[in-house]
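This report concerns only the one structure given below.
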Amino acid sequence: MPTRRVLDGNAAAAEALRLARVRVIAAYPVTPQSPIVERLSSYAADGTLKAKYMRVESEHSAMSCVIGAQLTGVRAGTATSSVGLALMHEVLGVASGCRVPIVMPVVNRALVSPWSLWCDHQDSMAERDSGWLQFYVENAQEALDSLLMAYRIAEDSQVLTPAMVCLDGFFVSHSPQLVVLPDQEAVDEFLPEYVPANLYLNPKDPLFINGLVPPEDFSEMRYQQKLGFERALEIIPQVRRAFGRKFGRQYEMVETYRLKDADVVLVTLGSMSGTAKHVVNKLRVQDLPVGVVKLGVFRPFPAAELRRALKGRRVVGVLDRSAGLGADGGPLWLEVDSALSGTQTRVVGYVAGLGGRDITETTVRAVFEELIQIRDGKRSGPAKRWIDTGENAMELRKVGERE
Amino acid sequence: MKPTSEPPERPTTKSRGSRVLLGPVATVFATVDTGRWRTIRPEVDFSACAQCGVCRTHCPTAVLEIKKDQAECVVIGWDNCKGCGICANVCPKQCITMVKEGNHDAH
Amino acid sequence: MRPQADTLVSHGVSTCAGCGLELALRHILEVLGDNTVIVIPPGCAALFSGFGEETALRIPGIQGNLENSAAIAAGIRAGFEVQGREGTTVLALAGDGATVDIGLQSLSGVFERGDRVLYVCYDNEAYMNTGIQGSGSTPLGARTTTTPVGKDRPRKDMIAIAAAHRMPFVASASVGYIKDLRKKVKKAQEAAGPSYVHVHTPCPTGWFYDPARTIEVARLAVQTGVWPLYEIEDGRRRITVSVSRLRPVAEYLRLQGRFDHLDEGDFEEIQGQVTASYQSLLRECD
């Protein structure tokens with residue numbers, strides 16, 4: 001029987017790894033994800049989880065240990081954030097290139113510099129080319145559920161691609177919520193025991209994994225991975241439906257909120273989605289035809305589903321929680337704009353909520369206000385893309401003359 | 001690297017029928033024709049050989065075999081001998097000489 | 001007649017003629033047996049990992065990154081451990097660059113946690129596979145492509161670093177003393193925790209000597225005290241190949257082109273350091 005517990009995002013993530021029967025955990029502390037691995041360490045120590053906990057000396061080693069362990073035929077896990085994910089960067093490519101279906105919670109936190117402890121999507125956005133599946137969640141329940149589903153998706157024999165499930169630092173990781181915790185038996189039925197498909201390390205069947213590959217073979221191997229992503233696009237909805245049938249909670253790759261007659265839509269990622277939905281409810285009271293599209297998955301990018309959901313909309317806003325420096329706009333905006341190219345929809349990108357700044361009702365209202373003005377042709381100047389950034393940016397550290 | 005002209009070494013994977021593996025993996029146990037590198041080759045004076053095996057122990061390519069019951073008591077794998085000269089250098093009886101490659105019909 | 005390939009390693013591998021590493025690896029794997037998984041980082045040993053679909057090894061293995069052989073090996077060990085598969089040896093075989101420089105952190109982690117990994121460092125005293133660049137293990141005075149006038153600092157004492165972690169078994173070894181190497185590899189395999197064997201593997205290509213003299217060079221390193229052979233078992237130090245009277249270091253240095261820019265003064269400096277180190281080692285031994 002499922003139980004109802006008060007869990008924050010970190011605890012929910014740890015519970016997911018416990019329920020998935022991860023056998024080896026190799027992890028390094030980094031704010032704000034440390035409670036995930038502390039909880040798992042505790043479970044391993046008291047036998048709640050039959051696992052070996054490796055107290056590694058860096059995130060680079062954490063991912064290295066996890067790859068080594070999973071190649072022997074067990075689920076292995078770790079969790080990280082921000083600079084920890086950045087330190088793992090080199091090894092992430094080994095996991096994806098060698099098709100090791102590791103599942104990892106990533107608690108989103110800004111990359112340095114400037115130093116920040118707080119929520120920002122730059123860390124996972126910096127890994128969007130790592131060859132990993134990337135899921136984003138709105139709340140603690142979705143963190144748990146998305147992680148469980150991620151195992152089934154990642155381990156599919158034609159996907160065989162590792163997955164990161166991203167939850168907003170502090171806003172989700174540290175926010176206690178009421179979570180329905182499935183029981184082990186139900187999860188065992190949904191997630192069968194891990195069987196190492198494809199590559200493994202076994203003296204009875206020797207393979208040499210990850211040796212040098214000549215130019216004649218490299219493109220084809222990358223192409224294999226591309227096909228893995230395409231397969232993921234096919235089976236993610238199937239797994240979500242199966243999850244919905246089993247556990248009663250249905251998730252979509254592209255979740256639509258009050259989209260029916262909306263001609264102004266905001267595309268969101270992560271916990272900001274909740275605030276956006278709340279603002280939509282309020283604006284709807286004023287009969288403003290607005291809606292939200294929340295992406296539950298960023299890699300693979302569900303372009304076709306997004307196009308379907310946004311077909312015929314006049315103006316679409318995209319709210320990026322990472323700066324996308326040097327590009328024409330934030331990373332989410334770039335992909336949404338690309339998906340909608342050739343359509344009549346105007347796609348406008350915004351950046352907000354960096355380095356832990358709350359994406360407030362005020363911020364979301366300001367975005368919708370602009371989008372509506374743009375729809376009505378009433379917007380005189382360009383869009384204020386960095387919508388919550390103060391006017392005093394260049395004066396931030398003013399050092400005056402000494403008296 | 002290409003397999004030798006003889007039948008290839010059996011693959012390291014125990015084939016359960018054929019299967020397709022994704023990603024970077026090597027499954028064919030292969031050997032390089034390092035014998036072609038040689039410009040000099042070891043020549044053993046079998047009559048002086050004490051069959052001690054020191055040459056075999058120190059051959060980096062492990063192509064030396066001692067055959068105690070044979071007159072030609074040291075057998076060399078010419079396919080892979082690189083002609084490094086270590087065997088000649090370590091032989092306690094100094095009964096191995098490195099001679100110029102190319103004057104023999106043994107290979 | 002062609003000897004049968006009854007070894008765990010193919011006879012035809014593109015290591016240089018006279019390669020010390022090749023000799024070491026064959027003996028190491030012969031001792032360890034086929035119930036072994038190997039982790040090899042990029043470097044000379046990666047020639048055994050293979051290229052494309054081909055490999056020179058009959059045991060399972062994986063190429064990691066340059067700095068994480070120890071961590072990958074530790075993960076493999078953990079995976080076997082939770083499945084109750086205790087009998088498989090997990091071997092990491094990395095060069096000096098991958099060990100004492102970029103790999104030091106992950107190796108130290110393995111030592112400190114007590115992960116049961118057998119780590120063998122083959123030391124050819126530079127990043128040889130990429131063109132003889134200097135490493136933390138390059139000895140004082142040696143010329144490499146990044147120490148073109150001779151290295152001005154002594155090498156790291158990796159045995160001391162390993163020993164500082166209080167682990168079951170640490171040893172130096174040499175391809176000049178195969179019996180000693182094999183005994184140590186066996187002990188390392190049987191250690192109840194991490195074990196570390198640091199093997200001197202002379203490199204004719206990078207040290208500039210006639211390939212035929214690899215064993216001669218290796219033995220002279222030991223006989224001059226440059227590469228003392230000892231082991232540390234649960235903290236107790238023991239010399240395993242004793243040298244009654246050290247030969248002058250110059251004899252060893254003069255054999256190698258990488259030292260040919262050194263003068264008598266340099267030889268004296270190096271001799272002083274070698275003598276002092278050796279005497280210090282003798283004092284620490286039981």
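The set of residues in the range A:191-220 being of a type in the set (D, E, K, R), without any contact (Cβ under 8 Å) to a residue 60 or more places away in the chain and in a loop (DSSP other than H, G, I, E, B) consists of A:K204, A:D205. Checking A:V367, A:V285 one by one, the residue that is buried (at least 20 other Cβ atoms within 10 Å of the Cβ) and either hydrophobic (A, V, I, L, M, F, W, C) or touching a strand residue (DSSP E or B) at 6+ places or on another chain (Cβ under 7 Å) (or both) is A:V367 and no other. The lone criterion from (1) part of a loop (DSSP other than H, G, I, E, B); (2) buried (at least 17 other Cβ atoms within 10 Å of the Cβ) left unmet by A:E305 is number (1).
Per-residue answers, yes or no, for (1) in contact with a His (Cβ under 6 Å, 6 or more places away or on another chain); (2) in contact (Cβ under 8 Å) with a residue 24 or more places away in the chain; (3) not β-branched (V, I, T):
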position	(1), (2), (3)
C:S172	yes, yes, yes
C:V222	no, yes, no
C:V243	no, no, no
C:I270	no, yes, no
C:D286	no, yes, yes
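Of all residues in the range B:38-72, those being touching a residue at least 60 places away in the same chain (Cβ under 8 Å) and either over 24 Å from C:T15 (Cβ atoms) or away from every other protein chain (no Cβ under 14 Å) (or both) number 0.
Here A:V37 passes the criteria (1) within 14 Å of chain C (Cβ to nearest Cβ); (2) in a helix (DSSP H, G or I); (3) out of contact with any helix residue (DSSP H, G or I) (no Cβ under 6 Å at 6 or more places or on another chain); (4) closer than 29 Å to A:D183 by Cα except the one numbered (1). With respect to the stated conditions, C:V226 is more than 14 Å from chain B (Cβ to nearest Cβ), closer than 28 Å to C:Q133 by Cβ and either at pLDDT below 95 or not in a helix (DSSP H, G or I) (or both).
Taking the conditions (1) surrounded by fewer than 21 Cβ atoms within 10 Å (Cβ to Cβ); (2) of a type in the set (G, A, S); (3) in contact with a strand residue (DSSP E or B) (Cβ under 9 Å, 6 or more places away or on another chain) in turn, C:G87 satisfies each one other than (3).
For C:D101, indicate whether it is surrounded by fewer than 20 Cβ atoms within 10 Å (Cβ to Cβ) and in contact with a Lys or Arg (Cβ under 9 Å, 6 or more places away or on another chain). Considered against the rule, which asks whether it is surrounded by fewer than 20 Cβ atoms within 10 Å (Cβ to Cβ) and in contact with a Lys or Arg (Cβ under 9 Å, 6 or more places away or on another chain), C:D101 comes out as yes. Criterion applied to C:V120, C:V149, C:V110 was being of a type outside the set (S, T, N, Q) and part of a loop (DSSP other than H, G, I, E, B), and the one residue passing it is C:V149. Beta carbons closer than 8 Å, at least 6 apart along the sequence or on distinct chains, pair a first residue in the range A:179-190 that is more than 15 Å from A:R249 (Cβ to Cβ) with a second that is among the hydrophobic types (A, V, I, L, M, F, W, C) for A:Q184/A:L19. In this structure, A:E57 does satisfy being assigned to a loop (DSSP other than H, G, I, E, B) and among the charged types (D, E, K, R).
Here is a yes/no grid of residues against (1) at positive phi; (2) more than 14 Å from every other protein chain (Cβ to nearest Cβ); (3) of a type in the set (S, T, N, Q); (4) not in a helix (DSSP H, G or I):
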position: C:A160; (1), (2), (3), (4): no, yes, no, no
position: C:R166; (1), (2), (3), (4): yes, yes, no, yes
position: C:A173; (1), (2), (3), (4): no, yes, no, yes
position: C:L181; (1), (2), (3), (4): no, no, no, no
position: C:A192; (1), (2), (3), (4): no, yes, no, yes
position: C:V197; (1), (2), (3), (4): no, yes, no, yes
position: C:G206; (1), (2), (3), (4): no, yes, no, no
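The values are calculated or read from the model by the stated rules, or taken from the named source; none is laboratory data. All figures in this text were calculated on a predicted structure; none of them were measured in a lab. Quick reminder, even Gly has a Cβ in these numbers, built from the backbone with ideal geometry, and neighbours come from all protein chains shown.
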